[in-house]
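Comments concern the structure below.
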Amino acid sequence: MKNIAVIGAGTMGNGIAHTFAQFDYNVQLIDISEAALDKGIATITKNLDRMVSKGKISESDKERTLGNITKYTSMKEGVQYASLVIEAATENSSLKAKIFKELDEVCPEDTILATNTSSISITQIASVTKRPEKVIGMHFMNPVPIMKLVEIIRGYNTSDEVMDFTVDLSKKINKIPVEVNDYPGFVANRILMPMINESIETLYNGVAGVAEIDTVMKLGMAHPMGPLQLADFIGLDVCLSILNVMYDGFKNPKYAPCPLLVNMVNAGKLGIKSGEGFYDYSESRKAEKVAKMFK
């Protein structure tokens, strides 16, 4: 188990690739374009440089980590030797179903298929494959190289062997795995997203401003980051997608996204990734905020 394929070179994908490569796994990073792959590698390089500058790793550690990552635009070529594939594409059930159907066709029969989904049913994703017992959820937290938690989600058919293996693997990359069952939002987002949504409702209803809401939660509840700032960091489009998954899954109005969140996403105000969300982010401020996460 030394070949790990990662589907998607975006924020979560490049973070997962970085983490496994740093622990000397051979990582096949797969995306649809060279540009996306180059951007992902550039992010990994920048984050490694930051770790070098802070004395957390050496220059040789950085070079070894980068040397452990190989780029692919062909899924078939990228997964041909993979013992584990981790999908980290956009939080969209149709897209994930398409990816897993293709993975099932091109991966070796014994390859385990994991998804980094933060809310979509593992059982639903596994149903498009002929190996549902080998499909599992590995929900990493952002930024992946820093955050310790990995939610390990067992689908209805996930085997004990695959569950045990995934838990053990997570420990080998210095993460803390927590086993949860397959319900919309799992644990992390089932609790987090309603809090973020209620914070947006509080703003929408004019109870307080952005800074005031975040300050109350930071100083009063000892949260390291206010919920609106956290929403910007996660991506407002991602928050909306997760809330929609939970609303569809539970049919409970408490998960219905706030109209303000819907309007902001429709207007392209997605948080840090777009340069504006509940806060305004210049490029310099964006770099500064990300840098703080790696201290």
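Some observations on this one:
- Separation of alpha-carbon centers, region 35-53 and region 214-245, rounded to whole Å: 25 Å
- Of the trypsin sites (Lys or Arg not before Pro) found in region 1-106, those in coil by DSSP whose Cβ has at most 14 other Cβ atoms within 10 Å are K2, K54, K56.
- Helices of the chain meeting both criteria, an alpha-carbon length of 15 angstrom or more along the long axis and an average Kyte-Doolittle score not below -1.0, with helices taken as full DSSP H segments, are 11-22, 34-53, 93-106, 160-172, 188-204, 236-250.
- Remark: accessible surface ordering of D280, D182, D38 (largest first) is D280, D38, D182, probe radius 1.4 Å.
- Note on the chain: antiparallel DSSP beta bridges, both residues inside, total approximately 20 percent of the bridges counted.
- Area accessible to solvent at Y183, 1.4 Å probe radius, in Å²: 130 Å²
- Think of each Lys and Arg Cβ as +1 and each Asp and Glu Cβ as -1; about the Cα centre, that makes the dipole of the chain roughly 520 debye.
- Cut-off under 5 Å, modelled amide H: who pairs with V150 long-range: I176, V178
- For the chain, the relative contact order comes to 14 percent (Cα pairs under 8 Å, sequence separation of at least 6).
- Here region 89-219 has 53 percent of its accessible surface on carbon and sulfur atoms, given a 1.4 Å probe and all protein chains in place.
- Peptide ranges 243-249, 118-124 listed from the most packed, as the mean C-beta count within 10 angstrom indicates: 118-124, 243-249
- Its Cα centre serving as origin, region 7-86 has a Cβ charge dipole (Lys and Arg +1, Asp and Glu -1) of approximately 220 debye.
- Overall form of region 1-71 per C-alpha gyration tensor (a/c, 1.5; a/b vs b/c): oblate
- Listed residue (V85, P177, T43) projecting farthest to the positive dipole end of the chain, Cβ model: T43
- When only Cα pairs below 8 angstrom with a gap of at least 6 residues are kept, region 100-190 shows a relative contact order of 28 percent.
- Alpha-carbon centroid distance for the pair region 4-27 / region 132-180, whole angstrom: 15 Å
- Residue-normalised accessible area of the chain, given per residue in Å² at a 1.4 Å probe: 47 Å²
- Put a plus charge on the Cβ of each Lys and Arg, a minus charge on the Cβ of each Asp and Glu, and nothing anywhere else: the dipole of region 49-196 about its Cα centre is then about 500 debye.
The values are calculated or read from the model by the stated rules, or taken from the named source; none is laboratory data. Keep in mind the model is a prediction, meaning the values are calculated, not measured. Methodologically, a virtual Cβ is constructed for each residue, glycine included, from the backbone with ideal geometry; neighbour enumeration extends over all protein chains shown. Areas reflect the complete protein model, heavy atoms only, side chains present, ligands, DNA and RNA absent. Shrake-Rupley method; radii C 1.70, N 1.55, O 1.52, S 1.80 Å.
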